[in-house]
């Protein structure tokens with residue numbers, strides 16, 4: 001077993017059940033997808049990852065460094081229905097993590113966001129319906145669909161009022177997954193992620209989360225900017241998010257439903273910045289919110305993930321401080337592979 | 001003035017304001033679009049209608065019979081951004097009524113529904129944002145977005161749980177319209193229609209509403225089938241729906257908001273059938289719901305349109321009985337143009 005895999009979290013989720021499971025991970029060279037691929041490969045699953053390697057997205061070949069022999073990698077775009085039909089094949093499980101995630105990009109180029117987050121999702125579901133109806137599908141959605149919270153914490157009954165094209169399209173994407181369960185009986189389920197962070201996240205820019213920009217700055221020895229500072233957020237460490245995705249895959253009672261995923265607690269951006277500086281050194285400055293960001297800012301957000309915890313037994317195992325410590329250590333070692 | 005136009009309803013909505021207004025109506029050869037075009041032309045507006053004439057949709061050249069000289073007609077598809085850019089031009093008002101409306105078609109061919117109800121809507125909004133940001137846009141949405149009612153009457157705060165791909169895509173379509181108001185200040189507003197009926201509706205099949213099939217049967221002297229019979233519905237006569245669209249266009253306080261439109265009252269399908277038979281003769285039989293329809297049936301539905309009535313002063317002026325009488329009279333005269 002490679003050094004990287006030996007560092008995987010201790011077993012849970014009936015880990016033995018993953019042995020030889022035929023798994024497809026879309027967006028599998030990205031941040032969460034690759035972390036999931038590494039975990040499942042370590043448990044003996046037959047893992048196929050698909051990724052488009054679009055430079056603005058999360059795909060990075062280095063994310064599978066050290067376990068290339070245990071994971072099959074296929075470069076392809078989920079917008080291409082022919083390759084996807086072949087790749088879905090007879091996979092037992094599809095972790096559908098491919099997506100356009102940048103809020104600003106969705107406003108500057110709404111059609112690309114639509115093609116990836118709507119059309120390609122519908123295409124994947126049609127492929128499963130026609131050619132592999134027994135496959136289990138776990139779809140990664142986002143808290144972005146709720147928009148500005150009308151109350152806190154935000155539970156799954158909160159109205160959906162997205163503040164950008166990305167949020168609108170992600171609603172359609174997850175709705176297709178639930179509809180295909182209700183109408184055709186596809187075994188699909190939806191997890192709404194909040195800010196996920198950890199090793200292998202995109203730090204080149206803020207396309208995945210602002211935390212990426214902060215991390216890069218502290219590793220490079222520069223101060224970073226905190227916009228506002230008092231906004232409240234919740235964060236999920238990537239290994240905890242992977243736990244949650246695996247629990248969803250293993251529980252058919254969750255089919256046709258959408259669940260929030262939260263994290264270890266609620267913190268302000270200022271507290272988050274202070275925690276980062278505590279584990280990494282460096283410094284930050286509080287700045288006013290830039291105008292272009294302001295109009296799609298959502299104020300405070302934190303989710304209620306009680307429903308998911310109750311049905312799955314999931315709890316976060318990595319605190320924000322510990323998660324940031326691990327993340328900083330990863331990028332101190334591998335910064336050059338992420339710029 | 002043609003015979004057809006002289007039958008238009010009596011003036012209201014500051015009708016004089018429509019003189020020379022530059023209006024674009026997408027789906028303008030369809031049922032509601034053509035009725036609106038006839039009304040506005042009669043008030044002296046400069047009306048341009050765009051319609052794709054896709055055979056499965058509502059477009060019918062005969063719908064503008066008698067007022068061809070007063071309305072400009074351009075055959076084009078809203079999926080074609082080049083022609084749309086030209087046609088949007090410097091129109092002051094866009095009634096955006098083009099859409100794929102069939103629930104079953106959206107399940108059999110979800111990509112076409114997506115292209116028309118999502119991609120083309122986004123394209124139209126991008127065109128307006130870039131080239132005609134002062135245009136007012138009135139978008140026709142549908143009660144189908146609510147899915148199976150969780151309570152009755154359904155108001156605008158009711159959760160959106162569509163039971164078909166069409167409903168999911170219409171949510172995205174109307175959400176784009178509201179987002180472009182919030183983010184870019186476009187003057188767009190959304191009206192959620194329920195069952196609309198009247199002269200010029202599609203009666204060839206059930207793609208617009210089941211009422212079309214009933215009407216055709218009674219005109220052709222055949223009994224018609226009522227599936228179920230006890231389901232409750234509300235209906236809007238087309239002239240009342242046109243009133244509502246015109247009121248929306250004239251009231252900037254409604255921008256960025258979505259409103260339900262209802263009708264004259266709540267009736268069961270059986271009562272509706274009895275009213276139709278009363279005004280037209282003929283007969284019907286109650287049948288069990290077909291299986292393919294059952295899985296996308298929503299049970300009882302009727303809307304609460306109190307919010308729209310309060311802000312606009314709208315009330316329906318044509319009862320179901322009177323509306324069906326006018327509709328039957330129209331098709332007795334023009335049946336051959338609608339088969």
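Quick look at the numbers
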read-out	value
Single residue of the stretch A:172-185 satisfying the filter (in contact with a helix residue (DSSP H, G or I) (Cβ under 7 Å, 6 or more places away or on another chain) and more than 7 Å from chain B (Cβ to nearest Cβ)) that is nearest to residue B:119 (Cα to Cα)	A:173
Qualifying residue in the stretch A:141-149 (condition: crowded, with 21+ Cβ neighbours inside 10 Å, at pLDDT 95 or above, closer than 25 Å to residue A:252 by Cβ and within 14 Å of chain B (Cβ to nearest Cβ))	yes
Residue within the stretch A:308-324 that is within 14 Å of chain B (Cβ to nearest Cβ) and closer than 22 Å to residue A:193 by Cα present	no
Segments classed as helices (runs of 4 or more DSSP H), wholly inside the stretch A:239-313, with at least 1 members that are within 20 Å of the chain's Cα centre (by Cα)	A:269-280, A:306-312
Residue under evaluation residue A:132, criteria (1) more than 9 Å from every other protein chain (Cβ to nearest Cβ); (2) under 19 Å from residue A:196 (Cα atoms), criterion not met	(2)
Conditions (1) at pLDDT 95 or above; (2) in contact with a helix residue (DSSP H, G or I) (Cβ under 7 Å, 6 or more places away or on another chain); (3) within 30 Å of residue B:137 (Cβ to Cβ); number of the one not met by residue B:320	(3)
Any chance residue B:11 is over 25 Å from residue B:165 (Cβ atoms), part of a loop (DSSP other than H, G, I, E, B) and at pLDDT below 95	yes
Strands (runs of 3 or more DSSP E) contained entirely in the stretch B:18-121, each with at least 1 residues that are within 30 Å of residue A:79 (Cα to Cα)	B:22-26, B:46-51, B:93-96
Any hit, the stretch B:190-206, residues being over 30 Å from residue B:275 (Cα atoms) and within 14 Å of chain A (Cβ to nearest Cβ)	yes
Matching entry among A:40, A:24, A:17, A:61 (being farther than 21 Å from residue A:125 by Cα, surrounded by 24 or more Cβ atoms within 10 Å (Cβ to Cβ) and in contact (Cβ under 8 Å) with a residue 12 or more places away in the chain)	A:40
Index of the failed condition, residue B:302 passing every other in (1) modelled with pLDDT of 95 or more; (2) surrounded by fewer than 16 Cβ atoms within 10 Å (Cβ to Cβ)	(2)
Residue in the stretch A:250-272 that is within 23 Å of residue A:177 (Cβ to Cβ), surrounded by fewer than 20 Cβ atoms within 10 Å (Cβ to Cβ) and without any contact (Cβ under 8 Å) to a residue 60 or more places away in the chain present	yes
Residues that are surrounded by fewer than 21 Cβ atoms within 10 Å (Cβ to Cβ), touching a helix residue (DSSP H, G or I) at 6+ places or on another chain (Cβ under 6 Å) and within 14 Å of chain A (Cβ to nearest Cβ), drawn from the stretch B:76-106	B:79, B:81
Residue within the stretch A:220-228 that is closer than 22 Å to residue A:28 by Cα, at pLDDT 95 or above and in contact with a strand residue (DSSP E or B) (Cβ under 6 Å, 6 or more places away or on another chain) present	no
Residue in the stretch A:115-126 that is within 16 Å of residue A:258 (Cβ to Cβ), under 16 Å from the mean Cα position of the chain (by Cα) and away from every other protein chain (no Cβ under 14 Å) present	no
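The values are calculated or read from the model by the stated rules, or taken from the named source; none is laboratory data. Because the structure is a prediction, the values reported are computed rather than measured. Note: ideal-geometry Cβ built from the backbone for every residue, glycine included; neighbour counts use all protein chains shown.
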